[in-house]
Amino acid sequence: MSANESHEHESLIKTPQQLGVVMVLSFVIPVIGILLLVQLVIGGINTDTVTNSAEAVADRIKPVAQVTIAAGGADGAAKTGEQIYQTVCTACHSTGAAGAPKMGDTAAWGKLIAQGQKTIVADATKGIRAMPPKGGATDLSDYEFERAVVYMANKSGGSFKEPAAPKAADKAAKK
């Protein structure tokens with residue numbers, strides 16, 4: 001027999017300690033693998049009841065803005081700019097949704113205010129960028145809508161004048 005042939009039949013394990021280590025590892029490694037696989041399968045299911053409650057899901061998928069169309073006052077008086085802001089404009093102009101300038105943000109409104117009251121009102125009346133005409137409240141009179149624009153601009157650093165109330169003959173002609 002040559003020296004090469006005798007080395008072919010030798011074991012890699014030469015001591016009892018090596019045999020013990022190999023036996024422990026041959027048991028521990030598959031068990032760890034099985035535990036990790038089980039954790040992967042079980043851990044993939046989210047069982048957090050707080051984030052999966054009906055209220056939490058509804059809150060996450062609610063629309064960015066909602067348009068509320070409210071009728072005029074009971075006495076037929078025109079709504080104030082603040083009332084219109086609270087019912088129509090606040091959805092976008094309080095959060096900055098769709099790029100709307102937030103009310104009170106003097107930097108964002110400063111560019112608009114510099115264009116002048118007539119330009120801002122005209123652009124907002126016909127709709128600009130993501131904003132629909134009259135903010136989606138097309139039932140507002142031009143007077144009421146201008147009051148809302150003036151209210152927001154003035155709360156954001158502007159000094160626009162409140163629009164003049166329409167005459168009674170103009171109101172009757174619109175009805």
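The values are calculated or read from the model by the stated rules, or taken from the named source; none is laboratory data. Please read these numbers as outputs of a predicted model, since none were measured by experiment. Every residue, glycine among them, receives a Cβ derived from its backbone with ideal geometry; neighbour counts consider all protein chains shown.
Only residues that are loosely packed, with under 14 Cβ neighbours inside 10 Å and among the polar types (S, T, N, Q) were counted in region 120-147, giving 1. Within region 157-168, residues that are closer than 17 Å to Thr119 by Cα sit with their Cβ atoms under 8 Å from residues that are hydroxyl-bearing (Ser, Thr, Tyr) and surrounded by 15 or more Cβ atoms within 10 Å (Cβ to Cβ), at 6+ positions apart or across chains, in these pairs: Pro163/Tyr143.
Leu12: loosely packed, with under 10 Cβ neighbours inside 10 Å, modelled with pLDDT of 75 or more and outside any helix (DSSP H, G or I), yes or no? Spelling it out, Leu12 is indeed loosely packed, with under 10 Cβ neighbours inside 10 Å, modelled with pLDDT of 75 or more and outside any helix (DSSP H, G or I). The single condition among (1) farther than 21 Å from Thr80 by Cα; (2) surrounded by 15 or more Cβ atoms within 10 Å (Cβ to Cβ) that Gly110 does not meet is (2).
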